[in-house]
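These notes concern the structure reproduced below.
The values are calculated or read from the model by the stated rules, or taken from the named source; none is laboratory data. For clarity, every value in this text was computed on a predicted model and none was experimentally measured. Because the Cβ atoms are built from the backbone with ideal geometry, glycine has one as well, and the counts that use them run over all protein chains shown. All accessible areas refer to the heavy atoms of the entire protein, side chains included, with ligands and DNA or RNA removed. Shrake-Rupley method; radii C 1.70, N 1.55, O 1.52, S 1.80 Å.
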There are 2 protein chains.
Amino acid sequence: MEKIIIKLQKRSYPIIIADKLFNDFLPFWPLNIDDKVVLITNDRVAPIYLNILRNLLIRSGIVTDQLILPDGEQNKSLITLDTIFTKLLKKNYDRSTILIGLGGGVIGDITGFAAATYQRGIRFIQVPTTLLAQVDASIGGKTGINHILGKNMIGAFHQPIAVIINLDVLHTLSMKEFSSGLAEIIKYAIALDSSFFGWLESHLDDLLILHLPSLIYCIRRCCELKASIIAIDERDQGIRSVLNLGHTYGHAIESYLGYSQWSHGESIAAGIMMAVNTALRLNQFNCSDAKRIKLLLTRAGLPVRGPKEMTSKNYLEYMKRDKKSISGQLNLVLPTSIGNVKTVFNVNHELVSSSIEDTNN
Amino acid sequence: MEKIIIKLQKRSYPIIIADKLFNDFLPFWPLNIDDKVVLITNDRVAPIYLNILRNLLIRSGIVTDQLILPDGEQNKSLITLDTIFTKLLKKNYDRSTILIGLGGGVIGDITGFAAATYQRGIRFIQVPTTLLAQVDASIGGKTGINHILGKNMIGAFHQPIAVIINLDVLHTLSMKEFSSGLAEIIKYAIALDSSFFGWLESHLDDLLILHLPSLIYCIRRCCELKASIIAIDERDQGIRSVLNLGHTYGHAIESYLGYSQWSHGESIAAGIMMAVNTALRLNQFNCSDAKRIKLLLTRAGLPVRGPKEMTSKNYLEYMKRDKKSISGQLNLVLPTSIGNVKTVFNVNHELVSSSIEDTNN
């Protein structure tokens, strides 16, 4: 069992990584006998994992209830949030209640935001069931929901009390879902760690066949990288933005498509290539590294172009609304080499348009 | 111009108290030229104060927009919150935007919660236009909205960057609204400051005729008392609960009546008397102080009984859902003398019922 601590003084918490974690109460140690827990999950995860986890908690003396939400990014909404509040209030759940988000990024984000705002804040635990959520969304306390006019536009910083990463769940993911997680993993390597990028080039095939020691190394490395950033910049006011490599472009894709068809990771993969091409046009990146990135994304089953129907104008419209944009200026996280990025402020809109077209042609 | 600082390290902020504050940019000093501000107000306050404040800001070089919401506690809802988000997103307002809540407690609470959650948190300023909001809701960073199943059940702690208390606005309040503020003022005195209670007994008539030096002294004292509590317990995990004297009972009245008919202050006044009667039954309070409280509330034009149609059972049902209740146990803030309160845990339900009946008979 691997354990990484997110260091935030009084709000520090562990990330536990191992297989078979639903057989053992140990990783759920922040819970005490007679604690009241509400498991929040979706209708895809529930049939596979809800009863296993529920029974484990009940056997361990935890008062356990559950709420099953409809699956899908379109349900990361105010309406679903209200469903959670109604459930909690109808049953008189008080401030000592602990929510557990059992699912992918959507469940984790909305459960976290419900915990952030129910009675002005209660505790929660993340149990991510997708590779994407395990390496990214479940860690770091970014919680929130989408608005019809933009992804993650409503939210709060609220740290969980534990993140429990059970590798067993990866066996039930589709290839598309697994690839989606690989996109964020590759992003960490490009943004922060060139030797990890090299490791990924050597071990991608092992990851694709779910070789356990490789998965553990890979997820652990991503969690360590993210933990080191969050310890410095919990509230995303500085260095944490490096984790947004490819996201300003990728969010435009997701918003344009109404959070459907393309997975988050697929959008981010295309977004990474657009960031790479923007960096190339700015003469701050070299062609051979661009090719290595393109190859690795392709091997991971990810797209290296955006959706055919989107024009560069479509991208700009959404990108100007990005949370890093100030007064319509584009501030973009762009690579300078593999393992290094920097934020470039007020990037020329036409240069960005051309870079998007370079990527898509 | 009086200035009190709420001391919260990096998040410290000033409360400015004076008349004629909408004639002068000085109290709005946290704003800089070219800052983007969205004034959020309601359709009752807008015709009186919106243009005055808007013109002041525009003349001072602030980019100023506005949103006018329907007046009323029933609009402190997820739906109204979504109206704010839609406005902000449609116009591409970014993280540097500053919201100003111009109105009573409803506007302050919902503007603050919108600021707490828009793009995971932006800055805001409180400009309270009721006595109640000036002495209570605008200070301390409690923001939130109501749920059909309970008042203030959804929210966040998010401190404003300034609170600007313009005494001129008190001239446009109805007597009912002014009394509502007096209820919270009397609450501060009972909970924290016996000599202030004595001052109120001597000066209530001055306050009722809006005698300016008395108003300034009174509002300043309330702000100082609240500031001293918040500096110790920002997140309401301990001593801050003393400010809830009468509120567990009062919230039950408001919830039962669907946040209509009775003002917040009227509900709290009746709630204070119920807390006093509970304290009497617990033999922790004396009859002569109870009479002084009843007399002062009555002189302030406030009710000292709950609504006729509510039974003690109705109260208990809502009180068990109070944010201080744990697993249905009633934890109540009760006076021990004028100027002192304590939280009594797990108060017997029948004793509470009888105390409510004592109050209402």
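At-a-glance table
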item	result
Helices (runs of 4 or more DSSP H) (entirely within region B:174-252) containing at least 3 residues that are over 22 Å from B:N152 (Cβ atoms) and of a type in the set (D, E, K, R)	B:194-208, B:212-232
Which listed residue, of B:S214, B:S241, is within 28 Å of B:A18 (Cβ to Cβ) and hydroxyl-bearing (S, T, Y)	B:S214
Given (1) open to solvent by 80 Å² or more (accessible area, probe 1.4 Å); (2) touching a Leu at 6+ places or on another chain (Cβ under 7 Å); (3) hydrophobic (A, V, I, L, M, F, W, C), index of the condition A:F345 fails	(2)
Among (1) in contact with a helix residue (DSSP H, G or I) (Cβ under 9 Å, 6 or more places away or on another chain); (2) more than 14 Å from chain B (Cβ to nearest Cβ); (3) without any contact (Cβ under 8 Å) to a residue 12 or more places away in the chain, the one test that A:N166 misses	(3)
Of all residues making up region B:258-293, the number that are open to solvent by less than 30 Å² (accessible area, probe 1.4 Å) and part of a loop (DSSP other than H, G, I, E, B)	2
Complete set of residues in region B:294-323 that are within 14 Å of chain A (Cβ to nearest Cβ), outside any helix (DSSP H, G or I) and under 18 Å from B:S353 (Cα atoms)	B:K320, B:R321, B:D322
Verdict on A:L149 being surrounded by fewer than 20 Cβ atoms within 10 Å (Cβ to Cβ) and within 11 Å of chain B (Cβ to nearest Cβ)	yes
Those residues of region B:206-262 which are of a type in the set (D, E), out of contact with any Ser or Thr (no Cβ under 6 Å at 6 or more places or on another chain) and over 14 Å from B:I185 (Cβ atoms), in sequence order	B:D233, B:E234, B:D236
Residue list for region A:324-361, restricted to those being within 14 Å of another protein chain (Cβ to nearest Cβ), without any contact (Cβ under 8 Å) to a residue 12 or more places away in the chain and over 25 Å from the mean Cα position of the chain (by Cα)	A:S327, A:G328
So B:L295, is it over 24 Å from A:Q119 (Cβ atoms) and not aromatic (F, W, Y)	yes
Residue count, region B:168-188 (criterion: surrounded by fewer than 19 Cβ atoms within 10 Å (Cβ to Cβ) and not acidic (D, E))	6
